[in-house]
Amino acid sequence: MNPKSKLNLILHKVQQYWSGNAVNQNKGMVENLQRYGIIQSRKVAEVMETIDRGLFVPNGTPPYVDSPIPIGYNATISAPHMHATCLQLLEENLQPGMHALDVGSGTGYLTACFAMMVGPQGRAVGVEHIPELVSSSTENIQKSAAASLLKDGSLSVHSGDGRQGWPEFAPYDAIHVGAAAKEIPQPLIDQLKPGGRMVIPVGVLFQDLQVVDKNSDGSISIRTETSVRYVPLTSKEAQLQG
C-alpha cells in the first residue's frame with residue numbers, strides 16, 4: 001500500500017461515527033456504539049453506561065461526541081469508539097479478580113472502567129507521567145461509580161513513566177496503552193501475565209492498534225486490529241514541549 005493510500009485509510013478509521021449534536025447523554029453514546037457495532041457485549045455496554053464519560057472531560061467540552069478531546073499538556077482523552085474497541089478487545093482479561101494496567105491513564109476514564117470490570121477483588125492501576133493529570137483524574141474518579149474502588153485501594157493512579165509499567169502489582173492480565181509507541185516497551189511485555197493481553201498503538205506517523213497476547217509458555221503473538229492515530233508515548237519533557 002502506498003503512503004497516500006495508507007494515510008487515507010487512517011483518516012477513514014479516525015473519523016467520527018456521529019457528531020456532538022446527535023447525542024447529549026451518556027446512555028445515548030453507548031446506544032450509538034452498539035448501533036454502529038463497536039460495542040458487541042452486554043458487559044462492555046454496562047460498564048460504559050455505569051462510568052459516565054461526562055465526568056472525565058474538561059468543563060465546556062462535549063463529552064459524548066465521538067471524537068478525541070484535548071485535556072491539556074498535549075494529551076487527549078480518546079474518542080468513545082476507541083475506548084469501546086479496547087474494552088471489547090480486553091474483555092476476557094478484565095474478569096473479576098484480575099489485574100489491569102492503564103498506561104497513559106489521562107483523565108482516568110478507562111482506568112475506572114477497568115476497575116469496575118475486575119471488581120474489588122481485582123486491581124486496576126493507572127500510570128500517568130503528568131502529576132497534574134494524576135490529581136485531576138483522581139478527582140474525576142471520586143465523582144464516579146468507581147469511587148468506592150479508589151477508596152478501598154483496588155483502584156489506584158500513580159505518577160510515573162508508563163513505558164516502565166508498574167511492577168508493584170504485576171503481572172497483569174490486561175494492559176492498555178493510550179499513546180503510540182515506536183516499538184512495544186519490553187517492561188510491558190515482561191509485566192504481562194501468561195494468558196494476558198496488551199492493546200497498544202504502535203508506529204509514528206502511521207500507527208497500528210496491535211493486540212499482544214502472551215502464551216502460556218511465555219511466547220508472544222501479535223496481530224494488528226486496525227489503523228489509528230494517537231499522541232506519542234514519550235517522556236514527560238518531550239510531551240510538554242509538544
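The values are calculated or read from the model by the stated rules, or taken from the named source; none is laboratory data. Just so you know, these numbers come straight off a predicted model, no measurement behind them. Cβ coordinates were reconstructed from backbone atoms using ideal geometry, including for glycine residues, and neighbour counts include every protein chain displayed. With ligands, DNA and RNA removed, areas are computed over all heavy atoms of the protein, side chains included. Shrake-Rupley method; radii C 1.70, N 1.55, O 1.52, S 1.80 Å.
Only a single item in (1) open to solvent by less than 20 Å² (accessible area, probe 1.4 Å); (2) more than 27 Å from Tyr73 (Cα to Cα); (3) of a type in the set (A, V, I, L, M) is not met by Val103, and it is number (2). What are the residues in the stretch 150-160 that are in contact with a helix residue (DSSP H, G or I) (Cβ under 8 Å, 6 or more places away or on another chain) and either assigned to a strand (DSSP E or B) or within 15 Å of Gly106 (Cβ to Cβ) (or both), if any? Once the filter is applied, which keeps residues that are in contact with a helix residue (DSSP H, G or I) (Cβ under 8 Å, 6 or more places away or on another chain) and either assigned to a strand (DSSP E or B) or within 15 Å of Gly106 (Cβ to Cβ) (or both), the stretch 150-160 yields Leu155, Ser156, Val157, His158, Ser159. Would you point out the residue of the stretch 209-242, among those that are charged (D, E, K, R) and farther than 23 Å from Ile71 by Cα, that is most open to solvent (accessible area, probe 1.4 Å)? Per the criteria, the residue is Asp217. For the residues Glu92, Glu132, the requirement of being outside any strand (DSSP E or B), under 19 Å from Lys143 (Cα atoms), out of contact with any Gly (no Cβ under 7 Å at 6 or more places or on another chain) and touching a residue at least 60 places away in the same chain (Cβ under 8 Å) singles out Glu132. Taking the numbered list (1) at pLDDT 95 or above; (2) within 11 Å of the chain's Cα centre (by Cα); (3) open to solvent by 10 Å² or more (accessible area, probe 1.4 Å) in turn, Ala112 passes all entries but (3).
Filtering the stretch 150-168 to residues that are free of Cβ contacts under 8 Å to residues at least 60 places away in the same chain, under 16 Å from the mean Cα position of the chain (by Cα) and surrounded by 19 or more Cβ atoms within 10 Å (Cβ to Cβ) leaves Leu155, Ser156, Val157. The set of residues in the stretch 169-194 being in a strand (DSSP E or B), free of Cβ contacts under 8 Å to residues at least 60 places away in the same chain and open to solvent by 20 Å² or more (accessible area, probe 1.4 Å) consists of Pro194 alone.
Return the residues of the stretch 39-53 that are closer than 21 Å to Lys143 by Cβ and buried (at least 19 other Cβ atoms within 10 Å of the Cβ); say none if nothing qualifies. Across the stretch 39-53, the qualifying residues are Val47, Met48, Ile51, Asp52, Arg53.
The residues of the stretch 54-72 that are surrounded by 17 or more Cβ atoms within 10 Å (Cβ to Cβ), part of a loop (DSSP other than H, G, I, E, B) and either on the phi > 0 side of the Ramachandran plot or of a type outside the set (D, E, K, R) (or both), listed by number, are Phe56, Val57, Pro63, Tyr64, Val65, Ser67, Pro68. Quick check: anything in the stretch 128-136 closer than 24 Å to Lys193 by Cβ and either of a type in the set (D, E, K, R) or open to solvent by 40 Å² or more (accessible area, probe 1.4 Å) (or both)? Looking for residues that are closer than 24 Å to Lys193 by Cβ and either of a type in the set (D, E, K, R) or open to solvent by 40 Å² or more (accessible area, probe 1.4 Å) (or both), one finds at least one in the stretch 128-136, hence yes. Take the conditions within 25 Å of Ser136 (Cβ to Cβ) and not hydrophobic (A, V, I, L, M, F, W, C) and apply them to Thr224. Does it pass? No, not satisfied.
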